[in-house]
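Down below is the structure, laid out as structure tokens.
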Amino acid sequence: MRDALPLIWRKIPERYTLLGSHCNNCKTDYFPQRTICPHCRSKGKLVDKQMPREGKVYSFTEVHSGPAGFQHETPYFLAIIELPNKVKVLSQLVDSSKDKVKVGAPVKMVFRRIFADGAEGVIAYGFKFKVVN
Amino acid sequence: MRKVSIIGGGLTHFGEHWEISFREMVAEAGAKALHDSKIEGKDIQAIYGGCMASGRLLGQEHVGALIADQLGLNPLPSTRCEAACASGGVALRQGIQAIASGMYDVVAVGGVEKMTEVSVEEASLALGGAGDQEWELFNGATFPALYALMAKRHMLEYGTTEEQLALCAVKNHANAVHNEYAQFRSPITLEQAMNASVIASPLKLFDCSPISDGAAVVILAASDVAKKFVDEPVEVIASAQASDSLALTGRETLTSLKATQIAAKDAFKQAKITPKDVDLAEVHDCFTIAEILAIEDLGFFPKGKGGKATEDGETALNSTVSVNTSGGLKACGHPVGATGVKQAVECLWQLQGKAGQRQVKDAEYALSHNVGGSGATAVVHIYKKL
Ligand SMILES: [Zn+2]
């Protein structure tokens, strides 16, 4: 489950800093991290790599009916961001006025609370993106 | 490989059914399928069942054995298949392979889901498991939102309009009026669809398939023995399946489902026909944009022209290709594990000429297309009147 403590803890480097993978064989970047390079499979050489924190909106939607944990935030923008290295990231778009949210808009990563498991439960943090003026 | 035919099918009514349990639905659809096939339980040699989320929705796993037990078919081997919303299509494919391999002569394939036992929020979370839990659901995605992200790109790249999306729903509701098993049997207008509340822009309420209960069963037999049981078996002339990344961000494009394209190409090669030969297609319209993507990716219309084709009525009953004559997932209902098998039942009855007021005239070839999640699994089957 998404609010499991081991899962939240294990993903901290990826979710807090956009730490991805790079294949030294085919030179492809991946986010989230991969254990096996799908292009090279056994010949792949995956190492940790920090992803760029700025990109562009590739597609977006305004979510009016949110899942548990997000209902108090509706409506909110959810987007697929394309980073300069062609990696795509799915993220909420925050602190961005409606008229600025467009396909192609430049965005940068920000660090935010993602959701909380009730009043006393675990709080999950991670990346979101915002439109850069 | 041995050729495989469908000799009968059975469905429960699709909809919100508080009065009937998961196991009763399985038994009802199974009994109807046996009756339709004119076989007895002793003729069946194995069972495959599609079910996505009974653990999450009902706390019930081990559905393979449960199905065998409820149909009175112990000790037959019974196997559950899970591929999210494509669970039924994958189960069907397993049954086909089991006969094609020469292992069995007669196999039962079921699909079932009971989704209204829990709240809509809980059902939505369970369905969310069809996507990438760690990188989509975690970050606030819902299933409508994932398809909305695809719709947005399709509109941007090809000029597809919200009206064209809505017209898929209008057409599918019109078809469901004539389907006694359908969840929604009332027609809707374009205005109603366009004025409905927004779920995830640009998708509105009528762009989304409902939460449903239902079960479907087909009986498969080797083609060389099929006519021993029924006069009009329908042969499965292609069975293809492909996989893609679980998360949308891993895809090369958002305006095609590559798994559908690959499975379709393989299926048409097996069937030795072209998309133009297909008279009717049950496609996976979990959202209206999914029907647009499907009719393009299956090859019925060029990429980017699915919206226009829908607007021009080319997918209506008895037009260029009759799409979702059952009402599709949108109007017939979408009990996720049952959908892929229900599509096969619709194709069977259409090719047998038993579809009543929604009958496609002189139907010779039918196709079914079942998708798991946002496109990570696609299953395509093609059927021909024997
Ligand atoms: Zn590589």
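The values are calculated or read from the model by the stated rules, or taken from the named source; none is laboratory data. Predicted model, so just to flag it, every value in this text is computed and none were measured. Virtual Cβ from ideal backbone geometry, glycine too; neighbours counted across all protein chains shown. Remember, those area values only see protein heavy atoms, side chains included, never the ligands or the DNA or RNA. Shrake-Rupley method; radii C 1.70, N 1.55, O 1.52, S 1.80 Å.
Under the simplified labelling scheme, the A:R34-B:E24 pair shows an inter-label distance of 4.9 nm, with each label point 7 Å from Cα along Cα→Cβ.
First obtain the Kirkwood hydrodynamic radius of the protein assembly as shown from its Cα pairs, then insert it into the Stokes-Einstein equation at 10 °C and 1.306 mPa s, and state the resulting D in µm² per second as a whole number. For the chosen part, D equals 68 µm²/s.
Between B:V120, B:V90, B:V107, the GNM of chain B built on Cα springs shorter than 10 angstrom shows B:V120 fluctuating the most. Beta-bridge orientation, chain B: approximately 75 percent antiparallel, per DSSP, counting only bridges with both partners inside.
In chain B, helices alone account for a calculated mean residue ellipticity at 222 nm of -11000 deg cm²/dmol, with every DSSP H run of four or more residues adding -39,500 (n - 2.57). Average 1/r across all pairs of distinct alpha carbons in chain B, invert it, and you get the Kirkwood radius: 20.1 Å. For the range B:251-305, the share of alpha carbon pairs falling in successive 10 Å distance bins from zero is 24, 58, 17, 0 percent. Between B:H62 and A:F111, what's the calculated FRET efficiency when r is the beta-carbon distance and R0 is 56 Å? Round to 0.05. Working from the Cβ atoms, E equals 0.80.
Spin-label pair B:S245-B:Q45: with each label point 7 Å from Cα along the Cα-Cβ axis, the two points sit 4.3 nm from one another. Placing dummy labels 7 Å off each Cα toward the beta-carbon, the span from A:K98 to B:S319 is 3.3 nm. All other residues whose Cβ lies under 11 angstrom from that of B:H173 are scored, Lys and Arg at +1 and Asp and Glu at -1, for a net of +3.
Computed extension length for A:W9-A:R53: 13.7 nm, one decimal, from 0.36 nm per residue of separation with the Cα-Cα distance subtracted. Ranking B:I6, B:I20 from most to least accessible surface, computed with a 1.4 Å probe over the protein chains only, gives B:I20, B:I6. The GluC sites (Glu not before Pro) of the range B:110-212 that DSSP puts in a loop, and whose beta carbon has at most 14 other beta carbons within 10 Å, are B:E180.
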